[in-house]
Amino acid sequence: MDIKILGIGCPKCKMLEKNAREAVSELGIDATIEKVTEIDKIMEYNIMMTPGLVINGKVKAFGRVPGKEEIKKLIQDEM
């Protein structure tokens, strides 16, 4: 499972990363979580606002911070 957090390091981006790491840990799955901070790379995902959550190459959320339970559901949907 490949998870990307899109954002330049704002508090919302950090909260999204924290929620994603906790969701992965609670699910007990093997996942790579990568922070994408370069604007040109973020723009490749066609999101209008950060933070963004990308799971297995698909944008699942942007412009808000999904909670841990929502992230767990998004991950399970991709499994």
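Data table
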item: Near pairs, Cβ below 8 angstrom, 6+ apart or cross-chain, from segment 13-33 (touching a residue at least 40 places away in the same chain (Cβ under 8 Å)) to any residue that is among the small types (Gly, Ala, Ser); result: Leu16/Gly7; Asn19/Gly67; Val24/Ala31
item: Residue, nearest to Asp77 (Cα to Cα), within segment 1-12, restricted to residues that are hydrophobic (A, V, I, L, M, F, W, C) and surrounded by fewer than 20 Cβ atoms within 10 Å (Cβ to Cβ); result: Met1
item: Index of the failed condition, Ile8 passing every other in (1) modelled with pLDDT under 95; (2) closer than 15 Å to Ile71 by Cβ; (3) aliphatic (A, V, I, L, M); result: (2)
item: Which listed residue, of Glu38, Glu70, is open to solvent by 90 Å² or more (accessible area, probe 1.4 Å) and more than 12 Å from Ile3 (Cβ to Cβ); result: Glu38
item: Residue match in segment 13-29 (condition: loosely packed, with under 15 Cβ neighbours inside 10 Å and modelled with pLDDT under 95); result: no
item: Segment 25-77: number of residues that are in a helix (DSSP H, G or I) and among the β-branched types (Val, Ile, Thr); result: 4
item: Cβ pairs under 6 Å, 6+ apart, first in segment 51-79 and in contact (Cβ under 8 Å) with a residue 24 or more places away in the chain, second part of a strand (DSSP E or B) and aromatic (Phe, Trp, Tyr); result: Gly52/Phe62
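The values are calculated or read from the model by the stated rules, or taken from the named source; none is laboratory data. All values reported here derive from a predicted model rather than from experimental measurement. Backbone-built Cβ (ideal geometry, glycine too); neighbour counts: all protein chains shown. Note: accessible area is taken over every heavy atom of the protein model, side chains too, but ligands, DNA and RNA are not part of it. Shrake-Rupley method; radii C 1.70, N 1.55, O 1.52, S 1.80 Å.
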